[in-house]
Amino acid sequence: MARRIESGLIWLLCVMPLLILAGQGLTDGLTANPVEYVLRALGVWALRFLCVTLAIGLIARFGLWRRAMVYRRRIGLWAFAYVCLHLTTYILVDQALDWPGIVKDIVKRPYITIGMAAFILLIPLAVTSVNKVRRAMRPRHWLWLHRLVYLIAVLGVVHYYLLVKADHRDPILYGVVILALLGVRLIPRRRGAIK
């Protein structure tokens, strides 16, 4: 029973940003530029969930909450869902399916190029998170593939940094957090290094 409640709370926390955005939309709280606001919010939440997935591995390996690993895949898939919503909002709402304009954006704007690269790299991670696919893969290959999350997190921060025109404090903060989460993995432990 306790685990069901814990699992339900994790699910609720993951869906909460969408509920908040929906509430803001219903009460005209999406600022003067709602499309940009929603785009930014979805992207930032995707980055936050990526940070949480990186942190969960460390929390479990240091013995602070070993059961957290049960939720890492779920939260990682939520990160992918928020990235998909971020991209869908850009394509459908911001660009109104203007494919030539979208292609031009991808080629000419580095932050969009980097964001698209991060999205493409996330796809195989999401696909191989399915139990059936994971079992079909060799464990070593699956592990190496899922280490792409480190690169994806860095690309996410660079995408955010290049997107922001003036105040870079938030993307720099996320960059520091991600570098710290990756750096801690270099600290050796008794039975080998942290993966």
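The values are calculated or read from the model by the stated rules, or taken from the named source; none is laboratory data. Given the structure is predicted, the values throughout are model-derived calculations rather than measurements. Because the Cβ atoms are built from the backbone with ideal geometry, glycine has one as well, and the counts that use them run over all protein chains shown. For the accessible areas, the whole protein counts, side chains as well, though only heavy atoms, and no ligand, DNA or RNA atoms are used. Shrake-Rupley method; radii C 1.70, N 1.55, O 1.52, S 1.80 Å.
Among the residues making up the range 48-63, a single one is open to solvent by 70 Å² or more (accessible area, probe 1.4 Å) and either in a helix (DSSP H, G or I) or at pLDDT 95 or above (or both): ARG48. Do we find a residue being over 26 Å from VAL164 (Cα atoms), of a type in the set (Lys, Arg) and in contact with a helix residue (DSSP H, G or I) (Cβ under 6 Å, 6 or more places away or on another chain) anywhere in the range 47-61? No - not one qualifying residue is present in the range 47-61.
Residue-wise test of (1) at pLDDT 95 or above; (2) under 26 Å from ASP170 (Cα atoms).
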position	(1), (2)
VAL107	no, yes
THR113	yes, yes
MET116	yes, yes
PHE119	yes, yes
VAL130	no, no
MET137	no, no
TYR150	no, yes
VAL154	yes, yes
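Within the range 111-125, take every residue that is crowded, with 17+ Cβ neighbours inside 10 Å and more than 11 Å from VAL149 (Cβ to Cβ) and give me the one that is nearest to the chain's Cα centre (by Cα). Checking each candidate, the answer is PHE119.
Is it true that some residue in the range 167-185 is open to solvent by 60 Å² or more (accessible area, probe 1.4 Å), out of contact with any helix residue (DSSP H, G or I) (no Cβ under 9 Å at 6 or more places or on another chain) and either in contact (Cβ under 8 Å) with a residue 24 or more places away in the chain or not in a helix (DSSP H, G or I) (or both)? So far as the range 167-185 goes, yes, one or more of its residues are open to solvent by 60 Å² or more (accessible area, probe 1.4 Å), out of contact with any helix residue (DSSP H, G or I) (no Cβ under 9 Å at 6 or more places or on another chain) and either in contact (Cβ under 8 Å) with a residue 24 or more places away in the chain or not in a helix (DSSP H, G or I) (or both). With respect to being open to solvent by 60 Å² or more (accessible area, probe 1.4 Å) and within 14 Å of the chain's Cα centre (by Cα), ARG40 fits the description. Close Cβ contacts (under 7 Å, 6 or more residues apart or on different chains) running from residues in the range 11-31 that are under 15 Å from ALA41 (Cβ atoms) to residues that are surrounded by 12 or more Cβ atoms within 10 Å (Cβ to Cβ) and hydroxyl-bearing (Ser, Thr, Tyr) comprise LEU30/TYR37; THR31/TYR37. Looking at this structure, is LEU19 part of a helix (DSSP H, G or I) and loosely packed, with under 13 Cβ neighbours inside 10 Å? Yes. Scoring GLY29 on the criteria (1) under 26 Å from GLY115 (Cβ atoms); (2) open to solvent by 50 Å² or more (accessible area, probe 1.4 Å); (3) not in a helix (DSSP H, G or I) leaves a single failure, condition (2).
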